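Input: a single structure, listed below in structure tokens.
Coordinate-derived values only; no laboratory data. Because the structure is a prediction, the values reported are computed rather than measured. Note: ideal-geometry Cβ built from the backbone for every residue, glycine included; neighbour counts use all protein chains shown.
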Amino acid sequence: MAQLTFREAIARGIAQEMRLDESIVFLGEDIGAAGGVFKGTVGLLEEFGGVRVRDTPISEQAILGAAMGAAMTGLRPIAEIMFADFFAVCWDIVVNEIAKSRYMTNGQMTFPLVIRSGNGGGLRFGAQHSQSVENWAMMVPGLKVVVPSNALDVIGLMAASIRDNDPVIFLEEKALYSSKMDVPDGEIVDKLGSAKVLRQGGDATLVALGNMVPKALAAADELASSGIDCTVVDVRSLVPLDTATILREVAATGRMFTIEENPRLCGWGGEISSIVSEEAFYDLDGPIVRITTPHIPLPAADALEDMAIPSVERIATTVSKSMNS
Amino acid sequence: MTSTKTAPTTIDLTAKLDLYRCQVALRKFEQRAYDLFLENFVKGTSHLSIGQEAIAAGFAAAMKKTDWTFATYRGHAHTLARGVPMTPVLAELLGRTNGLMAGKGGSMHLTSVEHGVMGSYAIIGAHLPIACGAAWSAQYRGTDQVAVCFFGDGSVNIGAFHEALNFAAIWKLPVVFVCENNLWMEYTRTSEVTAVANPAADRAAAYGLESIIVDGNDADAVFAVASTAIARARAGEGPSLIEATTYRHGGHSRADPGKYRPEAEVAEWLAKDPIPRYRARLLEEGASEEQLTTIETEVAAEVEVATEEAKAGGIPGEDLLMKDVWADGGSSWRN
């Protein structure tokens, strides 16, 4: 058992898998000698060398095109897109090429690759370095979408993503990079498409993802002191989506709140709400409520960004008001 | 070119007869594909490379079976030239179950991994970085495979072209980039919207590469330049960028009769049609009229058979619709 930060967990998860499989290669901007701009890849160049861990130019299309071409010819590449916002400059490769080529070729090709990226706000970086893009990826057939909320899950879900034979968008919440937890020694391999129930309560179910998970847990603590007992579900992967766990936990309390960092329209909570209302309508005791960032670009000023992204206080207040109305 | 490894850049008459057969096959196949559009057997769109066959044929002849082709939406010729049989290609155009991808890709996405045809890509420029990835894979695994990536003159002004060229150069990747310069993008003359006169060749220096222009309507010249560039890539000396000058006899796509092009220009290029030109050369070099006629007759018969087989193919059903989104063969996104 060792205490590990979220950022250290990234390197540990990648290293664990690279030791096992020579076909795993890793490329991106500043990932090698610099150890990543968020220091998530420290030590990988030293351990695996410059042939397997390669720094690239600032060429996101080249990075992801290279990953795709390598995957279709037998390697298992991991590519880094430094900030998730930068997916916008290489989205063609992700959406038109990587996501569709297996289907278009009637299964002639497979794409065992992972695209890691720093996602989300909270660091006062402004509108072009703070977006939560999980909903961009979720809407594209052919992509798996993983968003861990803690260091242990980072390792296990990274391993599962690397071992998966499909393209995985692995979003690392920037606001969580310095969070810490105790992590057991030895190999850790988790499973995609498995949500986790982190807290069990009888009154309401909070369904959260990534950086919203610790906030939902903190809000649940606050709500408990005012007599509202919440279940907290960590969704962990949007595709594949563990609807069974969500439906079960919503049915148990009769109320669902989604806690989403993405902007309101077409956020992942909308899809989950739709599934719950189609399949668990008669288990609901009240409206489904979505707590999201408003439909605005994220502002830079700390005061404004804090207002925009769902906070512990906003979650607690919204749940409390809705439960008491 | 400074290659230390050299490859034969000329071929004997037997090989030339094969090169002729290949070009004739590409031509007759696409003429049939066009007829089948007019008869409404082929839906959607399609982009023919009639007039440009010497490039596909010349490169394919210079490639090893294990090398990779990356093509564009104008990819029928490149696919067939690598040895993919006519029937599955035509059936793919017809949307039938015996199509190369059972109808799921269509004319613009022809792929046959077993023949090294690693996809036809319909977003301009997108496949240049992907070809780099395959080349990187060959380099990493220590195989001698080379990726050959074909694209049109319109691709030289999109970002992916420049990202890929720089990337291939800095990593010395075994990739050959081939710009098929047919002078026209879709409806616009490339020279009107391009800062340099030779859209690909004049950009080569920016990536430390030699400027190479070849007559793309001369299969022997294409074969020679292809052999040299592929040998260089195989020897670990890095990428090449080749501009092959050519002309498409028809419009950009099925929807385009190509009327925007001056008649004199079209006439000039029809006179430079690679196939009659190659035929005349073969006769000069000792082939008999009978040998050439036999090839033409055999190819015509092959096209007839492919047409009948493609038309007889099944209509794809729901089993195919939901298949192969994921590596497990399915499309499930939830439990």
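The figures follow:
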quantity	calculated
FRET efficiency, B:Glu114 to A:Glu47 (Cβ-Cβ, R0 30 Å, nearest 0.05)	0.25
Centroid-to-centroid separation of the stretch B:273-330 and the stretch A:237-270 [C-alpha atoms, Å]	52 Å
Bins of 10 Å from zero: percent of alpha-carbon pairs in chain A	6, 27, 34, 23, 8, 1, 0
Residue of B:Ala244, B:Ala197, B:Ala56 that the Gaussian network model of chain B assigns the largest fluctuation, springs spanning Cα pairs under 10 Å	B:Ala197
Equivalent ellipsoid semi-axes - Cα gyration tensor, the stretch A:2-183, angstrom	23, 19, 15
For the stretch A:183-325, share of DSSP beta bridges that run antiparallel, in % to the nearest 5	20 percent
FRET efficiency estimate (nearest 0.05) - Cβ-Cβ, A:Ser226 to A:Asn96, R0 41 angstrom	0.25
For the stretch B:13-303, with +1 on Lys and Arg beta carbons and -1 on Asp and Glu, the positive-most of B:Ala233, B:Pro129, B:Ala195 along the dipole	B:Pro129
Folded to 0 to 90 degrees: helix A:60-71 orientation relative to chain A principal axis, Cα	80 degrees
Percentage of interatomic Cα-Cα distances in the stretch B:261-323 larger than 20 Å	60 percent
Beta bridge orientation in chain B: antiparallel %, DSSP, nearest 5	10 percent
Choice from A:Leu157, A:Leu171, A:Leu75 showing the highest fluctuation, given a GNM over chain A with Cα pairs closer than 10 Å	A:Leu75
Cleavage-rule hits, chymotrypsin sites (Phe, Trp or Tyr not before Pro), the stretch B:159-266, DSSP coil, Cβ neighbours within 10 Å at most 16	B:Tyr187, B:Tyr260
Magnitude of the charge dipole, the protein assembly as shown, Cβ model with Lys/Arg +1 and Asp/Glu -1, debye to 20	180 debye
Sites B:Lys259 and B:Thr45 - FRET efficiency at Förster radius 22 Å, r taken between beta-carbons, to 0.05	0.80
Furthest towards positive pole of dipole, A:Asn150, A:Met68, A:Ser117, structure part the stretch A:2-183, Cβ charges	A:Asn150
Relative counts (whole %) of C-alpha pair distances in the stretch B:154-269, using bins that are 10 Å wide	13, 41, 32, 13, 1
Vicinal HN-Hα couplings computed from phi for the stretch B:7-22 (Karplus, 6.51 cos²θ - 1.76 cosθ + 1.60; Hz; Gly/Pro x)	10, x, 10, 10, 10, 7, 4, 4, 5, 5, 5, 5, 5, 5, 4, 4
Volume per residue that the Cα convex hull of the stretch A:196-324 spans, once the total is divided by residue count, Å³	98 Å³
Ellipticity estimate at 222 nm from DSSP helix runs (n ≥ 4, -39,500 (n - 2.57)) divided over chain B, nearest 500	-13000 deg cm²/dmol
For the stretch A:46-56, Karplus couplings with θ = phi - 60° (6.51, -1.76, 1.60), whole Hz, Gly/Pro x	4, 7, 10, x, x, 7, 9, 10, 10, 6, 10
Simple Cβ-charge dipole of the stretch A:196-324, Lys/Arg +1 and Asp/Glu -1, about Cα centre, in debye nearest 20	40 debye
The stretch A:2-183: relative contact order as a whole-number percent, Cα under 8 Å and 6+ apart	27 percent
Amide H contacts under 5 Å for B:Ser46, placed H, 5+ residues apart	B:Arg254, B:Ala255
19 Å reach of a label modelled at B:Lys65, 7 Å along Cα-to-Cβ, counting backbone N of the stretch B:294-309	none
Computed label-point distance, nm, for sites A:Ile58 and A:Ser23 using a 7 Å Cα→Cβ extension	3.5 nm
Largest-first principal axis extents of the Cα set of the protein assembly as shown (Å)	97, 53, 45
Beta bridge orientation in the stretch A:2-183: antiparallel %, DSSP, nearest 5	15 percent
Pair B:Ile170, A:Val37: separation of 7 Å Cα→Cβ label points (nm)	1.5 nm
Inter-centroid distance (Cα atoms) of the stretch B:92-113 relative to the stretch B:212-244, Å	29 Å
Potential extension, B:Ala235-B:Ser191 segment - 0.36 nm per residue separation minus Cα distance	12.4 nm
Rel. contact order, % - alpha carbon contacts under 8 angstrom, at least six apart, chain A	16 percent
Residue of A:Leu113, A:Leu20, A:Leu143 that the Gaussian network model of chain A assigns the largest fluctuation, springs spanning Cα pairs under 10 Å	A:Leu20
Overall form of chain B per C-alpha gyration tensor (a/c, 1.5; a/b vs b/c)	rounded
Placed amide H near A:Thr205: partners under 5 Å, 5+ positions off or other chain	A:Thr231, A:Arg255, A:Met256, A:Phe257
Rounded to whole Hz, the Karplus (6.51, -1.76, 1.60) HN-Hα couplings of the stretch A:180-185, x for glycine and proline	10, 7, 7, 10, x, 6
Residue order, fewest to most beta carbons within 10 Å, for B:Lys323, B:Lys16, A:Lys191	A:Lys191, B:Lys323, B:Lys16
Dipole moment magnitude, nearest 20 debye, the stretch B:160-255 about Cα centre, only Lys, Arg, Asp, Glu C-beta charged	220 debye
Lysine pairs within chain A, Cα separation less than 22 Å, 8 or more sequence positions apart or different chains	13
Rg to Rh quotient for the stretch A:123-255, alpha carbon positions, Kirkwood Rh	0.98
In nm, spacing of pseudo-spin labels at A:Met139 and B:Leu38 (7 Å Cα→C-beta vector)	4.3 nm
Cα gyration tensor category, rounded, prolate or oblate, for the stretch B:176-223 with a/c compared to 1.5	oblate
Long-range amide H partners of B:Gly119 with built H, under 5 Å	B:Ala71, B:Ser112
